[in-house]
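Everything below concerns the one structure shown next.
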Amino acid sequence: MPESDFPDIRGLHLFAEMSDEHFLALMRGSYVQNFPPQIQLIEEGDPSDFLHIVLSGSVELFSSWNHRETSMATVRPVSTFILAASVRDAPYLMSARTLEKSRIALIPSQDVRAVFDIDAHFARAIVTELAQCYRSVVKNTKDLKLRTSLERLANYLLRQQKRENGASEFDLPIEKRLLASFLGMTPENLSRAFKSLKSYGIHVSGNHIKILDQEDLEKFARPSALIDDFRS
């Protein structure tokens, strides 16, 4: 792996506190590849040979069953994906494909497990990240099971607004087809939900969102930190 990529990877919480010796040991067996859009990187059910790190571009995590497919998450730089499978030496539970031209670092899972056994700081960071992932899954499940599709969309827009530093106008980060799948909706239902949110001050033009009545939207959505705050 080029040393120029080391700072981005070292900056991740997962690798920040581990010893230089062990970090370099991980990097020696790793490599970086550039992928064009719509390339499948891994397939669910396959052995977890590598821990992947998105250095640039974006990657969709998705799952399929009985001729149906659903979007699970979108991964953006700089972050890892499917850490649990690498740590447990277990099959991938999700597939992954690039959404755009992407630069991906691949660290052999066997090296991750070997360093986990000897570096306490790295092991603690892995446990912390997996705990955060677990809490995010619980919150996402609550969002899907406790809210109507309209409430899910409203709260998604409020979360996205926070990521945009509270801006009243912003662009959706993914295409509407993927957003519908992520929210557990059909594209047709998503279209109807956007139309219904007009009465709560939401204006939609393509992928551009404008929040005209913040108070009315929040009153309807009733956001909760125990569901919508994925940082804690």
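Some observations on this one:
- Percent accessible area from carbon and sulfur atoms, the chain, protein chains only, probe 1.4 Å: 52 percent
- As a size descriptor, the averaged projected area of the C-alpha convex hull of the stretch 97-232 was calculated at 10.2 nm².
- Per principal axis, descending, Cα span of the stretch 1-89 in whole Å: 46, 28, 20
- Note on the stretch 168-232: Rg/Rh from C-alpha atoms, Kirkwood Rh, equals 0.97.
- Size-normalised alpha-carbon gyration radius of the stretch 124-200, reference 2.2 N^0.38 Å: 1.25
- Pairwise centroid distance, computed over Cα atoms, of the stretch 11-46 with the stretch 52-69, Å: 16 Å
- Packing around the peptides 102-115, 28-41, 181-194, taken as the average count of other Cβ atoms within 10 Å per residue, puts them in this order, highest first: 102-115, 181-194, 28-41.
- Sequentially through the stretch 40-51, phi angles give Karplus couplings (6.51, -1.76, 1.60; θ = phi - 60°) of 7, 8, 9, 10, 4, x, 6, x, 8, 6, 9, 8 Hz, Gly and Pro residues having no value and appearing as x.
- Normalised by the number of residues in the stretch 1-80, the mean separation of alpha-carbon contacts (under 8 Å, six or more apart) gives a relative contact order of 27 percent.
- Sequence-distant lysines (8 or more away, or on other chains) whose Cα lies within less than 30 Å of Lys219: Lys139, Lys142, Lys145, Lys162, Lys176, Lys195, Lys198, Lys210
- Degrees, to the nearest 10: 120-146 long Cα axis against longest axis of the chain: 20 degrees
- Over the chain, the ratio between the Cα radius of gyration and 2.2 N^0.38 Å evaluates to 1.10.
- Per-residue Karplus couplings for the stretch 179-184, computed as 6.51 cos²θ - 1.76 cosθ + 1.60 with θ equal to phi - 60°, are listed in order as 4, 4, 5, 4, 8, x Hz, Gly and Pro entered as x.
- Charge sum, other residues only, whose C-beta stays under 9 Å from Glu151's C-beta, Lys/Arg counted +1 and Asp/Glu -1: +2
- Probing with 1.4 Å while keeping every protein chain in the model, the per residue accessible area of the chain equals 54 Å².
The values are calculated or read from the model by the stated rules, or taken from the named source; none is laboratory data. The model shown is predicted, which means the values in this text are computed figures rather than measured ones. Cβ: placed from backbone, ideal geometry, glycine included. Neighbour counts: every protein chain shown. Surface areas here come from the heavy atoms of the whole protein model, side chains and all, with no ligands, DNA or RNA. Shrake-Rupley method; radii C 1.70, N 1.55, O 1.52, S 1.80 Å.
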